[in-house]
Amino acid sequence: GAIIASSQIKIDIKDTFTTHYNKLKVNASDLIIKTLPIIFKNDFISIIQDENLVTYSKKLTSDDEFILFNSDVKKVYNKMRSLIEKPGCYAFLNDVKIKFYDIFYEEYNNVNIPGKIIIDSKDYFKISCNNGYILVYEFQIEGRKRISFNEYINGNKLLIQNNLVFNSGSEEKW
């Protein structure tokens, strides 16, 4: 349909689907309150949308939620943060499903194997990507509760071992 009003919001580097959705709800509410009076007065000029510029999103599947770390770190980070709360994103470590919740990224010209875990902090672990690392602060191991890395290292050994690598996502299905 035609556009009667529009507004913009800033997408922050740490925004996830949920934080952005919440910003959109507030913005839409403000826009409706501002726009309804001009609609009732019929005091507006509508803008016809160019149907050639319309884009559609495909329906997400569980395959879309699987994270591969063999890409640009910003691309991996943006995919993860778009999926984090709903529907979720995960990878496998030694055939154990790990879901990710609180993450960030760090650009670095690394030469590590994509998916390799690096532990150099008590607050997060790093997962190597093509040109940097995904920093994982909070995650969930299949069948367990969501937990921060700091809480996790106080008694668990799965991630503490050297040279662990998340599955690369080859042709083999997990």
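One table, with the values for the structure above:
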item	result
Condition check for Asp43: open to solvent by 60 Å² or more (accessible area, probe 1.4 Å) and closer than 28 Å to Lys145 by Cα	no
In the stretch 38-94, the residues that are touching a residue at least 24 places away in the same chain (Cβ under 8 Å), touching a strand residue (DSSP E or B) at 6+ places or on another chain (Cβ under 7 Å) and of a type in the set (Gly, Ala, Ser)	Ser46, Ser71, Ala91
Complete set of residues in the stretch 1-26 that are open to solvent by less than 80 Å² (accessible area, probe 1.4 Å), touching a residue at least 24 places away in the same chain (Cβ under 8 Å) and touching a Lys or Arg at 6+ places or on another chain (Cβ under 9 Å)	Ala5, Ser7, Asp15, Thr16, Thr18
Residue check for Asp95: closer than 25 Å to Glu142 by Cα, acidic (Asp, Glu) and open to solvent by 70 Å² or more (accessible area, probe 1.4 Å)	yes
Subset of the stretch 46-77 (residues that are among the β-branched types (Val, Ile, Thr), open to solvent by 60 Å² or more (accessible area, probe 1.4 Å) and modelled with pLDDT under 90)	Thr55, Thr61
The stretch 138-155: number of residues that are open to solvent by 60 Å² or more (accessible area, probe 1.4 Å) and assigned to a loop (DSSP other than H, G, I, E, B)	6
Leading residue by the ranking (farthest from Arg144 (Cα to Cα)) among those in the stretch 106-117 that are at pLDDT 90 or above and open to solvent by less than 40 Å² (accessible area, probe 1.4 Å)	Gly115
Helices (runs of 4 or more DSSP H) enclosed by the stretch 1-96 - at least 1 residues per element that are more than 23 Å from the chain's Cα centre (by Cα)	17-40
The stretch 101-119 - residue that is among the β-branched types (Val, Ile, Thr) and farther than 22 Å from Ile13 by Cβ and, of those, nearest to the chain's Cα centre (by Cα)	Ile117
Residue in the stretch 27-37 that is farthest from Lys10 (Cα to Cα), counting only those that are free of Cβ contacts under 8 Å to residues at least 12 places away in the same chain and open to solvent by 90 Å² or more (accessible area, probe 1.4 Å)	Ile33
Index of the failed condition, Lys122 passing every other in (1) of a type outside the set (A, V, I, L, M, F, W, C); (2) over 30 Å from Gln8 (Cβ atoms); (3) out of contact with any helix residue (DSSP H, G or I) (no Cβ under 6 Å at 6 or more places or on another chain)	(3)
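The values are calculated or read from the model by the stated rules, or taken from the named source; none is laboratory data. Since the model is a prediction, treat every value here as computed from it, not as a measurement. Ideal geometry is used to build each Cβ from the backbone, glycine not excepted, and the neighbour counts take in all protein chains shown. All accessible areas refer to the heavy atoms of the entire protein, side chains included, with ligands and DNA or RNA removed. Shrake-Rupley method; radii C 1.70, N 1.55, O 1.52, S 1.80 Å.
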